[in-house]
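Every number here is computed from the coordinates shown, using simple stated rules; none is lab data. Since this is a predicted model, take the numbers as computed values, not measurements. Note that we place each Cβ from the backbone using ideal geometry, even for glycine, and neighbour counts take in every protein chain shown.
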Amino acid sequence: MEALLQLLIFGGLLSLGVFGFYRERAHLADLDEREAAVQLPTSTLHAPIPAIVVTNATMVTGNVVQAADYLKTFLFTFVALFGGESQSLGRVLVRARREALLRAQEEAIAFGARALVNVRFETSTMGQKQGNRGIAATEVVCHGTAVR
Amino acid sequence: MIVVNTETVPGHDIIGLKGLVQGSTIRAKHLGRDIGAGLKNLVGGELTGYTELLSESRKQATERMIAEAEALGANAVVNVRFTTASVAAGAAEMYAYGTAVTISRTIAE
């Protein structure tokens, strides 16, 4: 009986992956839309290209803490067993980085920036990992200098 | 495709900005290598399985970044940076990013 209950809980957690799937799709659509709206020359260089006369500058940041759903973390244990690439976990981080960059760009636009330069990304892990598996949560910080 | 981690390419002028390009991958080695690495941890030494894993990941991330730059019509990626994230035990996430630009040879005056 107890084993059945545990199996039900496990199945329930796995089925949360459905929500994860829809949330990912909604997030990607949202990112596409916002990226299309942001028209800001962005680079990792120190000076904007084409060169502009800079009258003011400020540091902008964008950060996001992202977690993967239970299904993705569970499926990763199979990837870890045989080796290879985990595309579903990869997509989670790519989304997090796009979101962080967008937040920095949106802050730059609010400042009235004409370009965003010296962009850097940093990541760190937050929260607890469960035994051998699990993204707990990954934090992505994007920072750069907005110039106008 | 010229890929450098400096701001400029020696002997070239940057003539156009194509934008930020990036490539990333999350890879894992099979269980056997994980166990081997666990044993190696007891005696010390290089974890060759994981060294391999990281260089494979770095190569794949770089290739993806280059592919993105090519799609934008760039002929160089400058100021390339690498960063990693720890997402799961035994997995390596490698992220490469840089600025895609078009360059041309500096004309000597």
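How big is the equivalent ellipsoid of region B:12-97 along its three axes, where each semi-axis is √(5λ) from the Cα gyration tensor, reported in whole Å from largest to smallest? Mind dumping the intermediate values first?
Working: eigenvalues 228, 26, 17 Å².
Semi-axes, largest first: 34, 11, 9 Å.
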**Report entry** Model label zone, residue B:31; criterion: amide N under 17 Å from point 7 Å along Cα-to-beta-carbon; scope region B:69-105
**Finding:** B:89-91
Report task. Compute the acute angle (0 to 90°) between the alpha-carbon long axis of helix B:31-43 and the principal axis of greatest extent of the alpha-carbon atoms of chain B; round to the nearest 10°. Result -> 80 degrees
Query - In the protein assembly as shown, lysine pairs closer than 26 Å at Cα, eight or more apart or cross-chain - result: 9
**Report entry** Label-to-label distance, nm, for residues given as residue B:46 and residue A:37 (7 Å Cα→Cβ offset)
**Finding:** 5.1 nm
Requested in this report: Over all alpha-carbon pairs of chain A, lay out the pair-distance distribution in 10 Å bins, whole %, shortest bin first.
Outcome: 11, 32, 27, 17, 9, 3, 1, 0
Requested in this report: Select from A:68, A:108, A:57 the residue whose mean-square fluctuation is largest in a Gaussian network model of chain A (Cα-Cα springs shorter than 10 Å).
Outcome: A:57
Query raised in the report: Can you tell which of A:82, A:111, A:121 shows the greatest fluctuation in a Gaussian network model of chain A with Cα springs below 10 Å?
Result: A:82
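With n ≥ 4 as the cut-off for DSSP H runs, can you work out [θ] at 222 nm for chain A, using -39500 (n - 2.57) per run divided by the number of residues, rounded to the nearest 500?
That comes out to -17500 deg cm²/dmol.
Write down the Kirkwood hydrodynamic radius of region B:63-109, to one decimal in angstroms, obtained as one divided by the mean of 1/r over all alpha carbon pairs. Please list the in-between numbers first.
On the way: mean 1/r = 0.0789 Å⁻¹.
That comes to 12.7 Å for region B:63-109.
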Report summary line: Zone reached by a paramagnetic label modelled 7 Å from residue A:124 Cα along Cα→Cβ, restricted to region B:83-109 with backbone N below 18 Å, covers B:83-88
Requested in this report: Rounded to the nearest 10 degrees, what's the angle between the helix B:48-71 long axis and the longest principal axis of chain B, both from Cα atoms, 0 to 90?
Outcome: 30 degrees
